[in-house]
Amino acid sequence: MQTGTLTALSVLLAALGVLALLATLVRLLRIRLFAAARSALSGALLLAVAAALFLVSSNLHGYARLTHEEPVAEIGFETLGPQLYRATLARAPTGAAQSYALAGDEWQLDARVLKFSGLGALLGLDTLYRLERLGGRYRELEQERTAQRSVHSLAEAPIVDLWALARSKPRWLPFIDALYGSATYLPMADGARYRVTIGPSGLVARPMNEAAEQANRGFR
């Protein structure tokens, strides 16, 4: 079961909740107070569960399924000036591309990963990931501390941040087995292109052309 199914389930529960509340109104009109109270409680409970499922579904919508190592993005670079590059990130599987200005010697891509157990596994939720940030970094530590920094968000802010909630209130979300961040970084160079994949060990970046291969010679 994935996010679309969760959304459909939340809509179904909401509809049942509305029907229960309508039944409450009918019973009130017939002066059946006990039955009306029971229907009202059932309707309110169904609507509360529907709202919770909808919030979870909307939060997970920004994540992608992770079942094996798979492509995440391709990224290419164009020199704009000393230690300044234009990075073009094309996301898989659509190939939708966007450009960002990065300062430094290396690029770094960050992602969030969610793994499920218990109820999450029972619902069929696969491990999910979401690209989080793209930034530039300097090879020299002193420059990293004092020089111009550049970092760009790759994810929209959710209505409810499930990641933050799971970190601060883990007992509230026992169906989340693990959540962790993953990052990869390699040198920037004019004309260099990289392919980024994600698997059980996290993000992995590999050179796609000679310019990237040359930039990585001697890189530690």
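The values are calculated or read from the model by the stated rules, or taken from the named source; none is laboratory data. All of these numbers come straight from a predicted model, not from anything done at the bench. Cβ placement follows ideal geometry from the backbone for every residue including glycine, while neighbour counts extend to all protein chains displayed.
Filter the range 108-130 down to the residues that are out of contact with any Lys or Arg (no Cβ under 7 Å at 6 or more places or on another chain) and under 17 Å from residue 71 (Cα atoms), then identify the one that is modelled with the lowest pLDDT.
Applying the first criterion (out of contact with any Lys or Arg (no Cβ under 7 Å at 6 or more places or on another chain)) to the range 108-130 yields 109, 113-125.
Keeping just the survivors that are under 17 Å from residue 71 (Cα atoms) gives 109, 113.
Working: 109: 97, 113: 82.
Among them, the one singled out is 113.
From the list 96, 157, exactly one residue is assigned by TED's automatic domain parsing to the domain that holds residue 198, modelled with pLDDT of 75 or more and hydrophobic (A, V, I, L, M, F, W, C). Which is it? Quick ask: steps written out before the conclusion?
Details: 157 fails: modelled with pLDDT of 75 or more.
Among 96, 157, only 96 is assigned by TED's automatic domain parsing to the domain that holds residue 198, modelled with pLDDT of 75 or more and hydrophobic (A, V, I, L, M, F, W, C).
If residue 142 passes every condition in (1) among the acidic types (Asp, Glu); (2) at pLDDT 90 or above; (3) not in a helix (DSSP H, G or I) but one, which one does it miss?
Every condition holds for residue 142 apart from (3).
Can you tell me which residue is surrounded by the most Cβ atoms within 10 Å (Cβ to Cβ) among those in the range 172-200 that are at pLDDT below 95, touching a strand residue (DSSP E or B) at 6+ places or on another chain (Cβ under 7 Å) and hydrophobic (A, V, I, L, M, F, W, C)?
Taking the candidates together, the pick is 198.
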